[in-house]
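Please treat every number below as a calculation from the coordinates, not as lab data. Bear in mind that the values here come from a model prediction, so they are computed numbers and not experimental data. Cβ sites come from the backbone with ideal geometry, for glycine too, and all protein chains shown count toward neighbours.
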Amino acid sequence: MDQTIENLEQNDIQINQVVADAGYSSGESLQYCADKNIDAYIPNFGQYKPEREGFIYNAEKEQYECVQEGRNKAILLFKGIRTDSKGYEKKTYRSSEKDCKDCPVRAQCCGKVSKFKKLDDSIHKPLYDKMHQKLLQNKSHHRRLVKRRSSTVEPVLGTLINHHNLKRLNSRGMVQANKHVMMGSLVL
């Protein structure tokens, strides 16, 4: 996204609002939009969970708390930031074995083998939560923006890909690829 906005700024085009699909949803892009005061409408990716069933997040204490009846009211403390196998940084929260040991629903909650409950959240969860709330509060406005995007942007991409054979770029590097796409766009 940063490269695209730089290209537009070089041509004195200022960006105030961005409408994108979930493929552009990332913590980095949401942070960039927040830093540059860009009004963004980007749906969160499919694995985003606004809430954790049976747990509430206590931001003041940086922990999750078990809230379902019949449970031992376990506290999942913040254990640190770790990088998963795909390279994403996540905050890890974990209960103690002692809290979950005698819980009547431990097997369903923790699993048959594990003796504690563990939750992972993206380090960008506050940004995803903020976007989730924004999209819920402005559903009709977001729908209008998506409709306008699909009638203006999508046909251009479809034309470039299907009629101008831009399915593959025969160039190396972002600078050359950018030139290739810009020239194809100018033809339209």
What is segment 55-125's relative contact order, in percent, from Cα pairs under 8 angstrom and six or more apart in sequence? 26
Work from the charge dipole of segment 22-71 (Cβ charges, +1 for Lys and Arg, -1 for Asp and Glu, about the Cα centre) and give the residue of Ile38, Gly23, Gln63 farthest towards its positive end. Gly23
DSSP loop GluC sites (Glu not before Pro) with at most 12 other Cβ within 10 Å: longest gap in the chain: 70-188
With a 10 Å Cβ neighbour count serving as the proxy for reagent exposure, in which order, fewest first, do Leu76, Leu160, Leu8 appear? Leu8, Leu160, Leu76
Which value, in debye to the nearest 20, gives the size of the charge dipole of segment 67-113 about its Cα centre, when Lys and Arg are +1 and Asp and Glu are -1 at the Cβ? 120
With point charges of +1 on the Cβ of Lys and Arg and -1 on the Cβ of Asp and Glu, referenced to the Cα centre of segment 69-108, which listed residue (Leu77, Cys103, Gly87) lies farthest in the positive direction of the dipole? Gly87
With only Lys, Arg, Asp and Glu charged, each at its Cβ (+1 for the first two, -1 for the last two), find how big the charge dipole of the chain is about the Cα centre; round to the nearest 20 debye. 720
At His141 and Gln17, where each label point lies 7 Å from the Cα along Cα→Cβ, what is the point-to-point distance in nanometres? 0.8
May I ask you to evaluate 6.51 cos²θ - 1.76 cosθ + 1.60, the Karplus curve with θ = phi - 60°, for each residue of segment 72-89 and list the ³J(HN,Hα) values in order in whole Hz, giving x for glycine and proline? 8, 6, 5, 10, 9, 7, 5, 10, x, 9, 10, 9, 7, 5, 8, x, 8, 7
Of the listed pairs Lys73/Lys115; Lys36/Lys179; Lys125/Lys147; Lys49/Lys130; Lys90/Lys118; Lys86/Lys115, which have alpha-carbon separations greater than 20 Å here? Lys36/Lys179; Lys125/Lys147; Lys86/Lys115
Mean separation of Cα pairs under 8 Å and 6+ residues apart, divided by the residue count of the chain: what relative contact order is that in percent? 15
Cα gyration tensor category, rounded, prolate or oblate, for segment 134-188 with a/c compared to 1.5: prolate
For the pair Asn72/Ala177, report the inter-label distance in nm, with labels modelled 7 Å from Cα in the Cβ direction. 5.0
Pop out the ³J(HN,Hα) list for segment 162-178 in order, Karplus 6.51 cos²θ - 1.76 cosθ + 1.60 with θ = phi - 60°, rounded to Hz; leave Gly and Pro as x. 8, 9, 10, 6, 9, 6, 9, 9, 9, 8, 10, x, 5, 4, 5, 5, 4
What is the helix-to-structure angle for 125-137, meaning the angle in degrees between its Cα long axis and the longest Cα principal axis of the chain, kept from 0 to 90 and rounded to the nearest 10? 70
Work out which trypsin sites (Lys or Arg not before Pro) in the chain are exposed loop sites (DSSP not H, G, I, E or B, at most 14 other Cβ within 10 Å) and give the longest gap free of them. 116-166
If every Lys and Arg gets +1 and every Asp and Glu gets -1 at its Cβ, then about the Cα centre segment 139-188 yields a dipole, in debye to the nearest 20, of 300
What's the longest piece of the chain with no exposed chymotrypsin sites (Phe, Trp or Tyr not before Pro), counting a site as exposed if DSSP puts it in a loop and it has at most 14 other beta carbons within 10 Å? 89-188
Given Ser150, His180, Ile161, which one lies farthest toward the positive end of the charge dipole of segment 139-188, if we put +1 on the Cβ of every Lys and Arg and -1 on the Cβ of every Asp and Glu? Ser150
